[in-house]
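K.L.:
The structure is given below, and queries will be raised subsequently.
Rule-based calculations on the coordinates, nothing more; no lab input. What you see is a predicted model, and the numbers here were worked out from it, not measured in a lab. Here the Cβ positions follow ideal geometry from the backbone for every residue, glycine too, while neighbour counts run over all protein chains shown.
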Amino acid sequence: MATRRTYTREFKLEAVQLLTGQGLSVAEAARRLGVSENLLRKWRQPLEAEGKQAFPGHGSLPPLEAELHRLRAENKRLRAEQEILKKAAAYFARESL
């Protein structure tokens with residue numbers, strides 16, 4: 001089974017720089033780097049869209065994804081608190097009867 005290659009953020013940035021800075025075609029840049037043309041195109045898209053935020057790496061999320069993660073965690077915590085308060089209210093309602 002073939003192992004999946006991983007590339008550093010710097011490598012990806014330099015690879016896209018071959019396209020934009022040196023004006024090479026995708027085919028030529030891919031040939032020089034030893035990567036597929038499709039992979040090089042996939043790297044170019046987030047760099048054009050996100051700029052310096054592209055290719056955050058493992059454990060480092062882009063700002064919007066980090067915010068989404070934080071909000072989902074907060075939502076989960078608030079729902080748990082709400083359930084506890086419902087149970088407490090039901091308990092004390094029974095006790096007062």
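K.L.:
Report the full-extension gain for the segment residue 36 to residue 91: residue separation times 0.36 nm, less the Cα-Cα distance, to one decimal in nm.
P.N.:
13.4 nm
K.L.:
Still on this structure, I have one more. Given the -39500 (n - 2.57) contribution per DSSP H run of 4+ residues, what per-residue ellipticity at 222 nm results for the chain, rounded to the nearest 500 deg cm²/dmol?
P.N.:
One gets -23000 deg cm²/dmol as the mean residue ellipticity at 222 nm.
K.L.:
Here's a follow-up. Using only alpha-carbon positions, what ratio does the radius of gyration of region 1-58 give when scaled by 2.2 N^0.38 Å?
P.N.:
For region 1-58, the normalised Cα radius of gyration is 1.10.
K.L.:
Positive end of the dipole of the chain, charges at C-beta (+1 Lys, Arg; -1 Asp, Glu), about the Cα centre: which of 34, 51, 11 has its Cα farthest in that direction?
P.N.:
Result: 34.
K.L.:
Related question: Would you compute the Debye intensity of the chain from its alpha-carbon atoms alone, equal scatterers and no solvent, and pass along log10 I(q)/I(0) at q = 0.12 Å⁻¹ to two decimals?
P.N.:
-0.58
K.L.:
Report the charge-dipole magnitude of the chain in Debye, nearest 20, computed about the Cα centre from +1 at each Lys and Arg Cβ and -1 at each Asp and Glu Cβ.
P.N.:
Roughly 300 debye, rounded to the nearest 20.
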